[in-house]
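Trainee: Questions regarding the structure given below will be posed in turn.
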Amino acid sequence: MRSARLRPAPLLVLAAIAGLSATTVALTVANGTSLSAFVDSNGASGWISALAFGVVAVLVLSRQPGNRLGPLLAAGALLVAISGAADPYVYYALHTRPGSLPLISLAALCASVLWMTGLLVILGSLTLLFPSGRLSSPGWRWPARATGAAIVIATLAAGTTHVIVDDTMGVSVVGTPFDLPFPDGPQMALAVVCIGVVFAVALSATVGIAIRMRRVNGPERQQYAWFVASVLLLAIPMLLPIDLPETVGLGVTVLAIAALGVGIVRYGAFDIEIALSRTLAYLVLTAAALAVYSVAAVAVGAQLDAGLFPAAAAAAAVLLLAAIRQRVQRAVDRLLYGDRRDPLSALTTLGDRLGAALDSGAVLPVVAETVRQTLRLPYAAVRLENDAEPACTSGEPPARTVEFDLKHAGQQVGTLVVGVRRGEVGLSAADTRLLETFAAQIGVAAHDVRVTRELRQSREALVTSREEERRRIRQDLHDGLGPTLAGISLGLESAAQRTRRADPEISALLESLGAETTAAVTEIRRIVADLHPTMLDVIGLVPALVHHAGLISSRTRGDLVVSVVAEPLPELPTAVEAAAYRITLEALTNVVRHSHAAACDVRLTMDSGLHVTIRDDGTGAVPVGPVRGAGLASMRARAEELGGACTVRFRQDQGTEVVAMLPVTAR
């Protein structure tokens, strides 16, 4: 129902512009202007452009009623059409049949000013509001307001000057209803400045459209491509070194306006990108040929016979074009579409990035990002086999996605998931072929990542199991064998005392057995402490580290102050707690022995793993001797057996920093 109510408005716009165009032609014929003279004059281009923009405005009004480009283009086309009809109207009233028509001054004002206003309205609205009728970002609000104000001021300034009506058969100076009693200079200067403002904003907006075309995909990219094609159509005649016939210029103008209309309402009906690519490439080639021709004219033209010079310069230009044509085309394709039109380059890029990913954890994120960027897709993800969630993602998932199997040695190892561009129902054949080629290469990387992950998980499980077993053995020794031996030692000591007078030899034997038993109890306590830190089971990781830091501070009599800062930590696996505790104690031991520090900070943070940082303010000197090798190696080994890493940095006169990252698997 809504479109039915809006239907008369587009028809009225089209009828008004068509009527004004017919009036223009009729008055021109009545003025005795020949067809060739009319075509060569500005009048023909004016009403033809007005009619073309009117058709585009009607299409927008009827197909996209909410698009503000519709009424703005209609207004601009009407203003140009009125100006086009007013010009022969004034000439008819002044020369063909003097005094036969009224409102000559008003018609002269329309003829002189409205064409400018109409074209400025069309230029400003198209560059700022293309294609949806909305500004591309809030940052364009002030430029849009400046454009509107400049158009109004330019119109008022031009409307207060004496009007010169230039027709094919003569020139007439006519006053207007708004003539001011002083020279036209200030008003015209103001109008020129305002026109410059409109053109500056339009140029900036055009550059913005070209930049957005590079960043988007799908239908929006197609729309911007039609706009760029229209700009190129208008630019080509101006770049050519020859003057084209007026009829050719009119044809190019109509084609450019038609391209704008297609970009707004029918952008998906044709594949403009290939034609746009070829147009840009041949524009570059034409410019190169003209440059070579000009250089040849300056460099060797004076030394050659006049008859030989054109042939020599043309030959040089042809040789250059033959040499650079393919390179220019590839460069333009890459500028517009990235690497999706060059599968070999895309595969090379993927291979190079995979080779540069030293960490296995960075391989799949590199894959997803490369796939998304290469094909300008909104989303890409890699999901390993038997996983519910993707191992990595790039971009935001759209409503439609397509999956590609990742295989290695014939076995499914994962899935590549890519998003369909907005406004499209699926991937193109070229996209599908390239993604299938990608999948074959990504399958190998996914297999390696999967195997590495399984090995790490197995190693973590083994270390965790070992640590749990150590804790169980420690508990058994602490609660069972230790107390038993301690009881035996006490019994032997008591028996030795009772038999000392009656049988000194038996008493000495019992005392010896008691001493050996006491030594065994001491050794068991040492083994218990080495198997698993008792403090972790009693008070936990952070309090145990705080307790140890206090012991160091007291033993050094305040010469070394150790502080422990930790954010709230979740329940950690036994192996992770033990590794963090032992790495920290080893690092603090090195600080006490080698760093000559006054302060040391221990910090524990949590994200995907537990991060332990020990930083002191000592000399940063590298320790020497076997102690250094054993201590640093043990810290690295404890971290690496959990799939983590431990790095040590010795900063000369700035202290030493130990950073350990211990992965924590979800429990």
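Read-outs throughout are calculated quantities, based only on the coordinates presented, and are distinct from any laboratory measurement. Every value quoted in this text rests on a predicted model; they were computed, and no experiment measured them. Every residue, glycine among them, receives a Cβ derived from its backbone with ideal geometry; neighbour counts consider all protein chains shown.
Trainee: What ranking do HIS547, HIS447 get, fewest neighbouring Cβ atoms within 10 angstrom at the top? It would help to have the intermediate numbers written out before the result.
Mentor: On the way: HIS547 13, HIS447 19.
By the 10 Å Cβ count, ascending, the order reads HIS547, HIS447.
Trainee: Could I ask something else about it? Run the quick spin-label model on SER553 and ARG472: label points 7 Å from Cα toward the beta carbon, then report their separation in nm to one decimal.
Mentor: 4.0
Trainee: Could you list ASP616, ASP601 so that the one with the fewest beta carbons within 10 Å of its beta carbon is first and the one with the most is last?
Mentor: ASP601, ASP616
Trainee: Here's a follow-up. Could you line up GLU468, GLU577 from fewest to most neighbouring Cβ atoms inside 10 Å?
Mentor: Details: GLU468 14, GLU577 23.
Sorted ascending by nearby Cβ count, the order is GLU468, GLU577.
Trainee: Answer rounded, prolate or oblate for region 536-663, using the Cα gyration tensor with square roots of eigenvalues a ≥ b ≥ c: rounded when a/c is under 1.5, else prolate when a/b is larger than b/c, else oblate.
Mentor: Oblate, because a/c is 1.5 or more while a/b does not exceed b/c.
Trainee: If you take the beta carbon distance between LEU106 and VAL193 as r and set R0 to 22 Å, what does 1/(1 + (r/R0)^6) give as a FRET efficiency, to the nearest 0.05? Could the numbers behind the result be given before it?
Mentor: On the way: r = 26 Å, r/R0 = 1.18.
Computed FRET efficiency for LEU106 and VAL193 comes out at 0.25.
Trainee: Points 7 angstrom from Cα along the Cβ direction at SER137 and GLU640: gap in nanometres?
Mentor: It works out to 4.7 nm between the two label points.
Trainee: Let me ask you something else. For ALA16 paired with ALA519, estimate the spin-label separation in nm (one decimal), with each label point 7 Å from Cα along the Cα-to-Cβ line.
Mentor: Once both label points are built, they end up 11.4 nm from each other.
Trainee: Any chance you could check the Cα centroid distance between region 566-598 and region 104-137 for me, in angstrom?
Mentor: 73
Trainee: Something else: So how much slack lies between ALA429 and ASP405, counting 0.36 nm per residue of separation and subtracting their Cα-Cα distance, in nm? Let's see the in-between values first.
Mentor: Numbers: separation 24, 0.36 × 24 = 8.64 nm, distance 1.69 nm.
Between ALA429 and ASP405, full extension yields an extra 6.9 nm.
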